[in-house]
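The values are calculated or read from the model by the stated rules, or taken from the named source; none is laboratory data. Remember, predicted model here, so these are calculated numbers, not experimental data. Positions of Cβ are generated from backbone atoms using ideal geometry, with glycine treated the same way; all protein chains shown enter the neighbour counts. For the accessible areas, the whole protein counts, side chains as well, though only heavy atoms, and no ligand, DNA or RNA atoms are used. Shrake-Rupley method; radii C 1.70, N 1.55, O 1.52, S 1.80 Å.
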Amino acid sequence: GIQVEQSPPDLILQEGANSTLRCNFSDSVNNLQWFHQNPWGQLINLFYIPSGTKQNGRLSATTVATERYSLLYISSSQTTDSGVYFCAVKPGGFKTIFGAGTRLFVKA
Amino acid sequence: DGGITQSPKYLFRKEGQNVTLSCEQNLNHDAMYWYRQDPGQGLRLIYYSQIVNDFQKGDIAEGYSVSREKKESFPLTVTSAQKNPTAFYLCASSLALVGGYEQFFGPGTRLTVL
């Protein structure tokens, strides 16, 4: 089946720094989402981005479907950005496959 | 205010007991899902439902059961056959099962077996 790899697995930033999270997938997909899991466990939808580029405030995402990767950019990081960031892909059919996540800690 | 609700937020169970986790959505979505998350891990699919009165096993269905009698509701029962049920359980929904539709998640239920 399709493999989803996220990097880095862990990231520590100073408040105000920028970062890039990466999601590689091993097969073509028709759906890709980025989620932020906050410290209380809630999964928050960040982007639905099977291809192209989107921006929402300090966050932006780019998916290059032909090269099978997606990037999540966080600019001017804040302590509230801490948590786990998941990439999830849908290769076709019904099943969504989640990566293992990137654990982000932003220091004040 | 549309969304997905799960209850209870925390649940404690004695060994040998069955417990039922509630999931309700008012998004008018056809598809619903149950995931399990263990500490420091990603999400694994337990069951999914495409439409009312239809549901299918996911990757880790053993020891779990579900029903889908109403479009809005997809309760999950953790049975005594589940060997290691302590985990965080997340319910999700999407407009349809097949195709490029965004999934939305509820706040989760933390189950602890005493």
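Over chain A, the fraction of Cα-Cα pairs per 10 Å bin, rounded to whole percents and listed from the shortest bin up, is 16, 50, 28, 5, 0.
Scanning residues 5 or more positions from B:Val113 or on other chains, those with amide H under 5 Å from its amide H are B:Arg13, B:Thr86, with H placed 1.01 Å from N in the peptide plane. With the alpha-carbon atoms of chain B aligned to their principal axes, the span from lowest to highest coordinate is 38, 27, 26 Å, starting with the largest. Per residue, the accessible area of the protein assembly as shown comes to 47 Å², computed with a 1.4 Å probe over protein heavy atoms only.
The charge dipole of the protein assembly as shown, taken about its Cα centre with unit charges on the Cβ of Lys, Arg, Asp and Glu (plus for the first two, minus for the last two), comes to roughly 260 debye.
With a 10 Å cut-off around each Cβ of B:95-101, the average count of Cβ atoms from other chains is 4.
Cross-link partners for B:Lys83 among the lysines, with Cα-Cα distance under 25 Å and sequence neighbours closer than 8 places in the same chain left out: A:Lys95, B:Lys9, B:Lys14, B:Lys57.
For the segment A:35-47, counting C-beta atoms of other chains within 10 Å of every residue's C-beta and taking the mean gives 4. Here B:Leu45 sits with roughly 10 square angstrom of accessible surface, probe radius 1.4 Å. Per-residue surface analysis assigns A:Thr80 an accessible area of about 100 Å², computed on protein heavy atoms at 1.4 Å probe radius. In the range A:1-107, a dipole from Cβ-located charges (positive for Lys and Arg, negative for Asp and Glu) runs towards its positive end, and of A:Pro50, A:Leu71, A:Phe86 it is A:Pro50 whose Cα lies farthest in that direction. Zone of A:Ala17 (label point 7 Å along Cα→Cβ, backbone N under 19 Å): which residues in the range A:38-63? Counting only backbone N, you get A:58-60. Sort out the exposed loop trypsin sites (Lys or Arg not before Pro) in chain B (DSSP loop, at most 10 other Cβ within 10 Å) and tell me the longest stretch that has none. Between the exposed loop sites, the longest stretch runs B:15-82. Under a model in which nothing but the beta-carbon of Lys, Arg (+1) and Asp, Glu (-1) is charged, the range B:17-62 shows a dipole of about 100 debye around its Cα centre. Counting only DSSP beta bridges with both residues in chain B, what percent are antiparallel, rounded to the nearest 5? Looking only at bridges with both residues in chain B, the antiparallel portion is about 90 percent. Compute the projected area of the convex hull of the Cα atoms of the range A:50-95, averaged over all viewing directions, and report it in nm² to one decimal place. Convex hull of Cα atoms, orientation-averaged projection: 4.1 nm². Charge tally for B:Pro39 (other residues, Cβ to Cβ under 14 Å; Lys, Arg +1; Asp, Glu -1): +3.
Gain on full extension, evaluated as 0.36 nm per residue between B:Ser7 and B:Arg110 minus their Cα-Cα distance, stands at 36.1 nm. Calculate, in whole percent, how much of the Cα-Cα pair population of the protein assembly as shown lies beyond 21 Å. The share of Cα pairs beyond 21 Å in the protein assembly as shown comes to 55 percent.
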